[in-house]
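Structure provided below as structure tokens; questions to follow.
The values are calculated or read from the model by the stated rules, or taken from the named source; none is laboratory data. All values reported here derive from a predicted model rather than from experimental measurement. Heads up, the Cβs are rebuilt from the backbone with ideal geometry, glycines too, and the neighbour counts pull from every protein chain shown. With ligands, DNA and RNA removed, areas are computed over all heavy atoms of the protein, side chains included. Shrake-Rupley method; radii C 1.70, N 1.55, O 1.52, S 1.80 Å.
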Amino acid sequence: METATFRTHFPEFASETDYPVGVVTFWSGIAEKFVIEERWDDLYDHGVELATAHYLSLAIGDQRQAAAGGIPGNSTQGAITSQSVGGVSVSFDASSALEKDAGHWNATTYGRQFIRLARMMGMGGYQL
């Protein structure tokens, strides 16, 4: 995956300060290992980019947690389903947005998009 192309497709990761080239390259290298090009065909690059964006989102959360004095990688927080501020309360049906049995992929919108596509790429027969 080309980092410049990734940053064009996902401009929210354009900051080289927050997302250095080495970190983007590290996570894209991991994504390239498990996104099977023969299965994804012309969507291969998109699959790698979504997985990379997912892992970068998790990594920046860990960085921010460490910067605030917390322990990075120590969050088991799931989707927020209700919140109250003062006398106002709001709740959401998180189950409608989450992918069933998707584990950590549900932690980001990129992960949910990735797993949804990955499941489609894995459908049907595959000739070895």
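Among the numbered criteria (1) without any contact (Cβ under 8 Å) to a residue 60 or more places away in the chain; (2) open to solvent by 60 Å² or more (accessible area, probe 1.4 Å), which one does Ser28 miss?
(2)
Would you be able to tell me the number of residues in the stretch 1-56 that are more than 15 Å from Gly111 (Cα to Cα), part of a helix (DSSP H, G or I) and touching a Ser or Thr at 6+ places or on another chain (Cβ under 7 Å)?
Within the stretch 1-56, residues that are more than 15 Å from Gly111 (Cα to Cα), part of a helix (DSSP H, G or I) and touching a Ser or Thr at 6+ places or on another chain (Cβ under 7 Å) number 5.
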